Amino acid sequence: MKNLLDLNVDLHTHSTASDGVVSPSGLVNRALANNVDVLALTDHDSVSGLSEAFEASIGTNLKFINGVEISVSWSGLCIHLVGLAFNEKNYNLLSALKNIQDGRFRRAKKIDEALKKEGLPSFLDYALDFAKNPGQIGRAHFARAMVKEKICSDMHDVFNRYLVKGKPGFVEHHWPSLKDGMNWIKEAGGVPVIAHPARYKLGSHLPYLFDEFSNYGGDVIEVATGSHTKSDILKFQTLANEYSFDASRGSDFHCPVESRCDVGLAPNLPDGVNPVWYSRLGITL
Ligand code: AMP
Ligand code: MN
Ligand code: MN
Ligand code: MN
């Protein structure tokens, strides 16, 4: 019998319902193979994979939790807000996600135009083939198409040369506000979490983000994620305590060959933080 402290919890993963390559049910099977006890599927701006994943978890030892990763604009940057354990049928949340998805497709057309201006062929149809649904399209789908066509050697190369801020295929985009994103999650009964805070490279601006998040009622940040180094984990452990935030853990798994971290294999949370799943997600043995 497992101790509550020994649970393998992964609260940040992607499937083919956004820019992951494994289906929602495939992800649940992969999580089971990796001895995951609690799994959230957190696709970008989409909850369309949740029912398949939940159904795949029925009758197994895995506890499935609804999740989403909402893109929001804050201070001119795109911040990722994970939502956990909400009602996936909440009308306001679903209509907000539909609007964000419409924006994703509009942005994709602009990305395509920007890349064509650089002398590249159109990758829109190719990227749409990878995305399946126009509302799910993102930069990762363009990157996969461009790697296939040997424009760059790998995904990171495409991002660094074309798709990050300051590069020719980057398009400024208005995502919803942090406040709206948090309210949609909370009104649907869920818990908002700042995803991978080290990724935004906020430096001395970090307290502004955390203060605002806290003022809107936010109290959970990811501490251990696939993109955090050991020193990032220690830094956000300290900050979680300073702000009285609970801590989350997630791999941010997208793809076996692209991702740094497989499902369930993110570093463990350090001692001395409150894991979000004890207090807020109702996980019992
Ligand atoms: P988007 O939501 O369309 O702006 O795309 C963001 C997604 O692109 C992230 O969730 C990652 O899946 C992927 N991504 C971002 N930066 C990189 C990178 N440097 N290398 C590979 N994938 C990346
Ligand atoms: Mn992604
Ligand atoms: Mn993210
Ligand atoms: Mn993610």
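General remarks:
- Residue check for ALA240: crowded, with 21+ Cβ neighbours inside 10 Å, of a type in the set (A, V, I, L, M, F, W, C) and part of a strand (DSSP E or B): no
- Considering ILE194, ILE151, the condition of being open to solvent by less than 30 Å² (accessible area, probe 1.4 Å) and within 15 Å of ligand 1 (Cβ to nearest atom) is satisfied by ILE194 alone.
- Any hit, region 257-274, residues being touching a His at 6+ places or on another chain (Cβ under 6 Å), under 16 Å from PRO197 (Cβ atoms), at pLDDT 95 or above and part of a loop (DSSP other than H, G, I, E, B): no
- LYS117, sole failed condition from (1) out of contact with any helix residue (DSSP H, G or I) (no Cβ under 9 Å at 6 or more places or on another chain); (2) more than 16 Å from ligand 3 (Cβ to nearest atom); (3) under 19 Å from SER18 (Cβ atoms): (3)
- Filter result for VAL263 (free of Cβ contacts under 8 Å to residues at least 24 places away in the same chain and aliphatic (A, V, I, L, M)): no
- Conditions (1) part of a helix (DSSP H, G or I); (2) in contact with a Cys (Cβ under 7 Å, 6 or more places away or on another chain); (3) not aliphatic (A, V, I, L, M); number of the one not met by TRP175: (1)
- Residue that is farthest from the chain's Cα centre (by Cα) [pool: residues in region 237-285 that are among the hydroxyl-bearing types (Ser, Thr, Tyr) and closer than 22 Å to PHE64 by Cβ]: THR284
- The listed residue being at pLDDT 95 or above, within 16 Å of ligand 2 (Cβ to nearest atom) and surrounded by 12 or more Cβ atoms within 10 Å (Cβ to Cβ), out of ALA114, ALA108: ALA108
- Subset of region 56-75 (residues that are of a type outside the set (A, V, I, L, M, F, W, C) and either more than 12 Å from ASN29 (Cβ to Cβ) or under 18 Å from the mean Cα position of the chain (by Cα) (or both)): GLY59, ASN61, LYS63, ASN66, GLY67, GLU69, SER71, SER73, SER75
- Options HIS156, HIS174: the member that is within 16 Å of ligand 3 (Cβ to nearest atom), of a type outside the set (A, V, I, L, M) and open to solvent by 40 Å² or more (accessible area, probe 1.4 Å): HIS156
- Checking ARG199 against (1) closer than 23 Å to LEU7 by Cα; (2) within 16 Å of ligand 2 (Cβ to nearest atom), the condition it does not meet: (1)
- Scan of region 10-34 for residues that are assigned to a strand (DSSP E or B) and among the polar types (S, T, N, Q), ordered by number: THR13
- Scope region 11-47; condition charged (D, E, K, R) and either more than 16 Å from ligand 1 (Cβ to nearest atom) or more than 19 Å from the chain's Cα centre (by Cα) (or both); matching residues: ARG30, ASP37
- Counted residues, region 35-63 - those being in a loop (DSSP other than H, G, I, E, B) and open to solvent by 40 Å² or more (accessible area, probe 1.4 Å): 6
The values are calculated or read from the model by the stated rules, or taken from the named source; none is laboratory data. Since the model is a prediction, treat every value here as computed from it, not as a measurement. Note that each Cβ is placed from the backbone with ideal geometry, even for glycine, and that neighbours are counted across all protein chains shown. Accessible surface areas use protein heavy atoms only, side chains included; no ligands, DNA or RNA. Shrake-Rupley method; radii C 1.70, N 1.55, O 1.52, S 1.80 Å.
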